[in-house]
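What follows is a single structure, written as structure tokens, with notes after it.
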Amino acid sequence: MKKIKSVLAISFLGLMALLPLSWAQFLGAHLGRYFFRKGDKNKWCRFTQSNIAHCFPELSEDERNVAVQESLIETGKSVSEMGMSWLWAPKRTLKKVVKIHHEELITNALSKKKGVILIAPHLGNWEVLNLYLSNKYSFTAMYKPPKQPAMDKLIKRMRARLGSRMAPANVQGVRMVMKALRRGEMVGILPDQEPDLESGIYVPFFNSPALTMKLLPQLAAQTGASVICGFAKRLPHAQGFEIYFYEGDPEINQKDLSVAASAMNRTVENCVRQAPWQYQWEYKRFSSRPEGEADIYQ
């Protein structure tokens, strides 16, 4: 079954890679609308509804419905863009990056020789961001290997096309990241997936307790590295992407894990609010709950 899923996924990527970006995004938008029409029968729609209702309680019911549909359309585009992100020639993909904002934060931080931790939330097209950074900097990206070996092999090969190093989310990968920071280089970490219970701490995210990784703030405290958040925002009408960099909350480097992890989540939240419906609201970010807290996905 794993082999069949891998073959289907790779075939889908190959098909999407044959299309111009406008066609791929057109199909992705229709896929998102299909998810929305399925309603509770589609898990991505259910999870998106729950997350948006939980994180944006100020929205009216009509506003939430619009937000859920917009979010699922962006989710569909994220799926359909993977062919471009992974299988196009890097130069062709990077031509879709039309503007960079605040890149001086990166260059100034690297000049301090203490390393840079790039917070890369699941916002916009993070594969385009990875490709851009790999093209310009010595870059080590931490990732969670998929269960299908064929997909893992493809991900490592495609993300490392321009020389970036891929560090698996395990002890070996943490060592790779530490060595890169000690060399004064940049590392990228996705901060918004639930860790194992022992590897996480409950701190607020959109005013709700969320199990949050300890690793990134621990690395920041131990190394004194600068922390910057980055994302590639999808522009309307297939115009391409704009990349944004924002300085991390200064409390991320605090040794108090609760303070530091809360600061990291604030940093992510501030970026998400720049393009709220391009965030991965289909993911069960609040799956683990502190004792006494209700399951928001029931």
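The values are calculated or read from the model by the stated rules, or taken from the named source; none is laboratory data. Source: prediction; values computed, not measured. Cβ atoms come from the backbone with ideal geometry, glycine included; neighbour counts cover every protein chain shown. Protein only, heavy atoms only, side chains kept; ligands, DNA and RNA dropped before computing areas. Shrake-Rupley method; radii C 1.70, N 1.55, O 1.52, S 1.80 Å.
Values computed for the structure shown
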{"item": "Output for the stretch 270-282, where each listed residue is of a type outside the set (G, A, S) and either open to solvent by 30 Å² or more (accessible area, probe 1.4 Å) or in contact with a helix residue (DSSP H, G or I) (Cβ under 9 Å, 6 or more places away or on another chain) (or both)", "result": "N270, V272, R273, Q274, P276, W277, Q278, Y279, Q280, W281, E282"}
{"item": "Of the criteria (1) touching a strand residue (DSSP E or B) at 6+ places or on another chain (Cβ under 8 Å); (2) outside any helix (DSSP H, G or I), which one K77 fails", "result": "(2)"}
{"item": "Selected residue (criterion: surrounded by the most Cβ atoms within 10 Å (Cβ to Cβ)) from residues of the stretch 64-83 that are within 16 Å of the chain's Cα centre (by Cα) and of a type in the set (D, E, K, R)", "result": "E74"}
{"item": "Leading residue by the ranking (surrounded by the fewest Cβ atoms within 10 Å (Cβ to Cβ)) among those in the stretch 227-267 that are of a type in the set (D, E, K, R) and within 26 Å of S85 (Cα to Cα)", "result": "E247"}
{"item": "Identity of the residue in the stretch 182-226, part of a loop (DSSP other than H, G, I, E, B) and charged (D, E, K, R), that ends up most open to solvent (accessible area, probe 1.4 Å)", "result": "R183"}
{"item": "Near pairs, Cβ below 6 angstrom, 6+ apart or cross-chain, from the stretch 12-26 (without any contact (Cβ under 8 Å) to a residue 40 or more places away in the chain) to any residue that is in a helix (DSSP H, G or I) and of a type in the set (A, V, I, L, M, F, W, C)", "result": "none"}
{"item": "Hits in the stretch 187-228 (condition: within 19 Å of Y279 (Cα to Cα) and without any contact (Cβ under 8 Å) to a residue 24 or more places away in the chain)", "result": "P195"}
{"item": "Filter result (open to solvent by 30 Å² or more (accessible area, probe 1.4 Å) and among the charged types (D, E, K, R)) within the stretch 283-298", "result": "K284, R289, E291, E293, D295"}
